[in-house]
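These notes concern the structure reproduced below.
The values are calculated or read from the model by the stated rules, or taken from the named source; none is laboratory data. Quick caveat: nothing in here was measured; it's all calculated off a predicted structure. Using ideal geometry, Cβ is built from the backbone for each residue, glycine included, and neighbour counts are taken over all protein chains shown.
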Amino acid sequence: MNHSDLGKLKKELEYFSQKKVEWLKLYPSQFVLIKDSNLIGTYTTLDEAYNAGVDKFGSQPFLVKQLLDKEPPEELSSHFANAINVCL
């Protein structure tokens, strides 16, 4: 992943933070797929969201994040680790 991709993901995280309260009311516990500061879709599982992102965007960076009231501790999921490997 290059510096530009990391900047885009930061932008996606900021967008997520802005919309989180609104989306929590509409899609509690769902996984959101975000690309270019746009909500692409909501999914019931991480796998569904990740696979939709890969289908739509290939190896381009995109964000998948679960809508939760309380954020769990940050950790690298195997999907994110695989995405990094694809981009390297």
Counted residues, region 43-61 - those being surrounded by fewer than 17 Cβ atoms within 10 Å (Cβ to Cβ) and outside any helix (DSSP H, G or I): 5
Given (1) in contact with a helix residue (DSSP H, G or I) (Cβ under 7 Å, 6 or more places away or on another chain); (2) assigned to a helix (DSSP H, G or I), index of the condition residue 10 fails: (1)
Single residue of region 1-21 satisfying the filter (among the aliphatic types (A, V, I, L, M) and modelled with pLDDT of 75 or more) that is farthest from residue 62 (Cα to Cα): 21
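Quick check on my filter: what residues within region 21-42 are within 13 Å of residue 64 (Cα to Cα) and out of contact with any Gly (no Cβ under 8 Å at 6 or more places or on another chain)? Step through it out loud before you land on a result.
The initial filter retains those residues of region 21-42 that are within 13 Å of residue 64 (Cα to Cα), namely 29-42.
29, 30, 31, 34, 36, 37, 38, 39, 41, 42 - these are the residues of region 21-42 that are within 13 Å of residue 64 (Cα to Cα) and out of contact with any Gly (no Cβ under 8 Å at 6 or more places or on another chain).
Take the conditions within 11 Å of the chain's Cα centre (by Cα) and at pLDDT below 75 and apply them to residue 62. Does it pass?
Numbers: within 11 Å of the chain's Cα centre (by Cα): yes; at pLDDT below 75: no.
For residue 62, the condition - within 11 Å of the chain's Cα centre (by Cα) and at pLDDT below 75 - is not met.
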